[in-house]
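The values are calculated or read from the model by the stated rules, or taken from the named source; none is laboratory data. Quantities reported herein were computed from a predicted structural model and do not represent experimental measurements. Quick reminder, even Gly has a Cβ in these numbers, built from the backbone with ideal geometry, and neighbours come from all protein chains shown.
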Amino acid sequence: MTSELPPEFIVKIDYNMCRRCKRCVMNCSFGCMHFTDRVVPEHKLCVACQRCVTFCPEHAITITKNELAYKENANWSPETRQNILKQAETGGILLTGMGNPRDYPILWDHLLVDACQVTNPSIDPLREPMELRTFLGRKPDRLEFVESEDGEIDLATEIEPQVRLDVPIVFGAMSYGAVSLSVHRSLAMAAARSGTLMNTGEGGLHRELYPYSGNIIVQVASGRFGVHSEYLNTSAMVEIKIGQGAKPGIGGHLPGEKVDEDISKTRMIPVGSDAISPAPHHDIYSIEDLSQLIYAIKEATDYEKPVSVKISAVHNVAAIASGIVRAGADVVTIDGFRGGTGAAPMVIRDNVGIPIELALAAVDQRLRDEGIRNNASIICAGGIRNSGDMAKAIALGADAVVIGTAALVALGCRICQKCYTGNCAWGIATQRPELVRRLDPQVGAERLTNLLTAWSLELKEILGSLGVNSIESLRGSRERLRGIGLDSQTLELLGVKPAGVGQ
Amino acid sequence: MRCNCYIPSGCSVSGIMSESGRRQDGNAIIKSITLMHDRANGLGGGFAAYGIYPRYSDLYAFHIMFDNIAAKERCEEYLKDMFDIVRDEEMPTRPGGAYEGVTAGRYEEEGVQPITDPPILWRYFMDVPEAKTRFVSDREYVVGQVMEINSEVEGAFVASSGKNMGAFKGVGYPEDIGVFYKLDEYKAYIWTAHGRFPTNTPGWWGGAHPFCLLDWSIVHNGEISSYGINKRYLEPFGYRMELRTDTEVVAYLFDLLVRRHKLPIELAAKVLASPFWEDIDRMPDRERRIATALRQVYGGALLNGPFSIILGHSRGMVGFNDRIKLRPMTCARKDDMLYMSSEESAIREIAPDLDEVWSPRAGTPVIGELDEGVA
């Protein structure tokens, strides 16, 4: 069946400016650019990844949306119609990549931060200390001390393992396989330089990255790919992945063609075989089962590493998080419905889950109501776009935030949502060696480090304007947030007063 | 008796303590706080005094303010159910009283400013019935009752609830409040005082400092910018922040850390005004372990923003500043006396000849303790 789908984008080449250097032909990994006597684009294949546009020395290429002259209809958008055409042609589930792109309200943009005036002075972060150091892990409710015979006081409480972050931002879980080794290398180096953590995702850890063990969260997901005793112990923290914000309740599938020699070794599966992560862990059908896995991991790591459990933000997230903490998790990672993915059914990505802002507020409040907030750190993932979002997330109650999409954008990603094709022109979501080579891990690490540095500086400015000099005084301090354009129920759920109301 | 307004404050603080437990009347503390008249604006003043009720030293002394007779009746109904009331009486006052002496900053043409229109002020000496404390300690029980009255009994406010101590506070300049409450007739081994400058609302009697719970009293100059998280940190422990003013969290934090979690006062002060990480990293091993653990576990209790605070309790007095000293505090010693004040002049005013005067470093507590053996 020949496709009736019109092209999504139109590639315009200004032939007066084009020098016919063919750089665009070499750069396009989607096979859109052909060269006869001049460059001829095949519009249907363009995904608007901007690779050719970026690298054309003459700036002769522009990509525009193909504005189809469909009869206007508020109910049947061009996208809706095209999706139906696709399914009529293929009979398949629509696949997509990256986070939910739909126009749901972004609550971060309806929250505003306070600042000091007169009675409490704001603090200049360039002149005064401004502390971002954060510890992830289970804390006791109180400390006990003993006094020795010579009157010296010492700590009697044994504190469970804590992971120190110099910036309250960790990199999101992205598996080797979904992303290239260059991405993993960039993330690991940047995490080490910035004093934070990268997350292996569910595809194991390449041996080359073992030296970065102090800056790595190793993930244990339903497929258990690459999980072995040494792997668990080559980490700062272990994470059990129950759910992912982009596809709650859905497993994963790495197609066999991506499983090359290296990935095969890392994941511990044969070359060329599909890596299928089941939707549930088949040994976790209840909270008791989760508790068993948490303690199995703690046994395997000698109780030296915090164990995190990652869940997607779903309706009952607060109660689930409470159960997770009581089951023994030291960290709860909540992933909101705008979180990214390498591949997900579009219907799931676009319709399942709830916004992270509400989930985070509900979880933090629930743990406080139950008096167990100190027992676990909360990491907030899924849709953190800038340091403002980060500051608001921390004020709502997060100990740290996760950046996945933002980190990839720093590495070159243009969010074209074609990660699942394996053709990523930026060397990110691909295993094609000629494409992977495009991402230099040294450059990648530098760009990521710059991003974290920039956000840290901005966060310090926010703390200073709030008149506090330590992140602890922002964390959970919802009094310093106000809502704008939110209904009273949403405000109540967020635990935030409307703008215009004083303390 | 609740206030819907948040009240950031300017203010002055002063504290006097005899470490040997010698009791002196309230004239000196009034004189000291009077010198800082201009730091207040007449919208709140108050005092805390320790050792004032030796005859009833085993009983909880509740100073309660009532909006009206109905509130008093409602509250007494409640108190009768919860306590054995040994004695109750109207607080002795000089209605229309005002400080007659010379006051720096008060201009003669303005005349004196007598204290008028007080709420009903009553004090109760009470015992906790044994039957009530089968499952909780009596202090825990008293905290619960204070929280209950302040948030549930309309029109009633417990100003203080400790043993052998009390708070005397209201709307007005502190020197006038002192005269109004006849502080010259009380004798105490610790006196603390506060003159208030709320910047955006009229004060109310309950909102003046000191804030008290059990025998903790807090006078505070500054603003707690971390109030939002301090409040949320305290709530799961059963504290209810009903007064809408940031200072009360300080009293509750001390109650939590020292009484319930049994931290030594020095460590509690390190929680509230913790050392910076760069300093912690340079500490010797044992101290670093302690300081790190305190910050990890008690991050929600860190006080941020400008403050100088004097904490009073039955065994001593503690003065401390925020971590970068955004509010003033000067301390001094003379024989067995320890002085703390917003200004050195307010100490010199009552003790011109001092053994030692110093400005404590940011975040470093100055701790006065009753000598051992002093009851």
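Just a few scattered comments:
- Test: residue in segment A:112-130 that is crowded, with 16+ Cβ neighbours inside 10 Å, in a strand (DSSP E or B), among the hydrophobic types (A, V, I, L, M, F, W, C) and within 14 Å of chain B (Cβ to nearest Cβ): no
- Segments classed as helices (runs of 4 or more DSSP H), wholly inside segment A:359-471, with at least 1 members that are away from chain B (no Cβ under 14 Å), among the polar types (S, T, N, Q) and more than 25 Å from residue A:8 (Cβ to Cβ): A:387-396, A:441-465
- So residue A:66, is it of a type outside the set (Ser, Thr, Tyr), in contact with a Pro (Cβ under 7 Å, 6 or more places away or on another chain) and either under 27 Å from residue A:87 (Cα atoms) or at pLDDT 95 or above (or both): yes
- The set of residues from segment A:203-222 being farther than 21 Å from residue A:254 by Cα and among the small types (Gly, Ala, Ser) comprises A:213, A:214.
- Matching residues in segment A:133-151 - criterion: being facing another protein chain (nearest Cβ under 7 Å), in contact with a strand residue (DSSP E or B) (Cβ under 9 Å, 6 or more places away or on another chain) and in a loop (DSSP other than H, G, I, E, B): A:133, A:139, A:143
- Test: residue in segment B:234-257 that is within 20 Å of residue A:158 (Cα to Cα), hydrophobic (A, V, I, L, M, F, W, C) and at pLDDT 95 or above: yes
- Enumeration of residues in segment A:202-225 that are crowded, with 24+ Cβ neighbours inside 10 Å, of a type outside the set (D, E, K, R) and touching a Phe, Trp or Tyr at 6+ places or on another chain (Cβ under 7 Å): A:203, A:204, A:205, A:218
- Unique residue being closer than 24 Å to residue B:23 by Cβ, among the aromatic types (Phe, Trp, Tyr) and surrounded by 24 or more Cβ atoms within 10 Å (Cβ to Cβ) when the list is B:157, B:168: B:168
- Contact map, segment A:273-301: first residue hydroxyl-bearing (Ser, Thr, Tyr), second residue in a loop (DSSP other than H, G, I, E, B) and surrounded by 14 or more Cβ atoms within 10 Å (Cβ to Cβ), Cβ cut-off under 7 Å, separation 6 or more or different chains; pairs are A:273/A:259; A:277/A:221; A:277/A:222; A:277/A:223; A:277/A:251; A:291/A:327; A:291/A:328; A:295/A:328.
- Pairs with Cβ under 6 Å, 6+ apart, first in segment B:311-332 and within 14 Å of chain A (Cβ to nearest Cβ), second buried (at least 23 other Cβ atoms within 10 Å of the Cβ) and part of a strand (DSSP E or B): B:321/B:308; B:322/B:307; B:327/B:221; B:327/B:222; B:327/B:307; B:327/B:308
- Scanning segment B:280-296 for residues that are within 9 Å of chain A (Cβ to nearest Cβ) and under 31 Å from the mean Cα position of the chain (by Cα) yields B:290, B:292, B:293, B:294, B:295, B:296.
- Leading residue by the ranking (farthest from the other protein chains (Cβ to nearest Cβ)) among those in segment B:260-273 that are crowded, with 18+ Cβ neighbours inside 10 Å and in contact with a strand residue (DSSP E or B) (Cβ under 8 Å, 6 or more places away or on another chain): B:269
- Matching residues in segment A:432-477 - criterion: being crowded, with 24+ Cβ neighbours inside 10 Å and basic (Lys, Arg): A:475
- Residue within segment A:297-314 that is touching a helix residue (DSSP H, G or I) at 6+ places or on another chain (Cβ under 6 Å) and farther than 22 Å from residue A:216 by Cβ present: yes
- Only one of the numbered conditions (1) of a type outside the set (Val, Ile, Thr); (2) modelled with pLDDT under 95; (3) surrounded by fewer than 24 Cβ atoms within 10 Å (Cβ to Cβ) is not met by residue B:276, and that is (2).
- All positions within segment A:6-24 that are among the aliphatic types (A, V, I, L, M) and under 32 Å from the mean Cα position of the chain (by Cα): A:10, A:11
- Members of segment B:301-325 found to be of a type in the set (A, V, I, L, M, F, W, C) and either in contact with a Lys or Arg (Cβ under 9 Å, 6 or more places away or on another chain) or surrounded by fewer than 20 Cβ atoms within 10 Å (Cβ to Cβ) (or both), listed by number: B:302, B:303, B:307, B:309, B:324
- Residues in segment B:243-259 that are polar (S, T, N, Q) and more than 10 Å from every other protein chain (Cβ to nearest Cβ): B:247 only.
- Some residue of segment A:418-425 being of a type in the set (Phe, Trp, Tyr) and in contact with a helix residue (DSSP H, G or I) (Cβ under 9 Å, 6 or more places away or on another chain): no
- Exclusive hit being in a loop (DSSP other than H, G, I, E, B), crowded, with 22+ Cβ neighbours inside 10 Å and in contact with a helix residue (DSSP H, G or I) (Cβ under 8 Å, 6 or more places away or on another chain), set A:270, A:248: A:248
- If you go through segment A:478-496 and keep only what is of a type outside the set (Gly, Ala, Ser), within 14 Å of another protein chain (Cβ to nearest Cβ) and surrounded by fewer than 24 Cβ atoms within 10 Å (Cβ to Cβ), you end up with A:478, A:479, A:481, A:482, A:494.
- Total residues in segment A:50-92, condition of a type in the set (Val, Ile, Thr), loosely packed, with under 12 Cβ neighbours inside 10 Å and either in a loop (DSSP other than H, G, I, E, B) or in contact (Cβ under 8 Å) with a residue 12 or more places away in the chain (or both): 1
- Single condition residue A:89 does not satisfy, out of (1) under 30 Å from residue A:339 (Cβ atoms); (2) under 32 Å from the mean Cα position of the chain (by Cα); (3) away from every other protein chain (no Cβ under 11 Å): (2)
- Criterion (surrounded by fewer than 16 Cβ atoms within 10 Å (Cβ to Cβ) and modelled with pLDDT of 95 or more) met by exactly one of B:70, B:104: B:70
- Subset of segment B:311-336 (residues that are closer than 23 Å to residue B:166 by Cα and within 19 Å of the chain's Cα centre (by Cα)): B:311, B:312, B:313, B:314, B:315, B:316, B:317, B:318, B:319, B:320
- If you filter segment A:161-174 down to residues that are at the interface with another protein chain (Cβ under 10 Å from one of its Cβ atoms) and assigned to a loop (DSSP other than H, G, I, E, B), you find that the one that is surrounded by the fewest Cβ atoms within 10 Å (Cβ to Cβ) is A:166.
- Selection within segment B:212-242 - touching a helix residue (DSSP H, G or I) at 6+ places or on another chain (Cβ under 6 Å), within 11 Å of chain A (Cβ to nearest Cβ) and surrounded by fewer than 21 Cβ atoms within 10 Å (Cβ to Cβ): B:234, B:236, B:237, B:241
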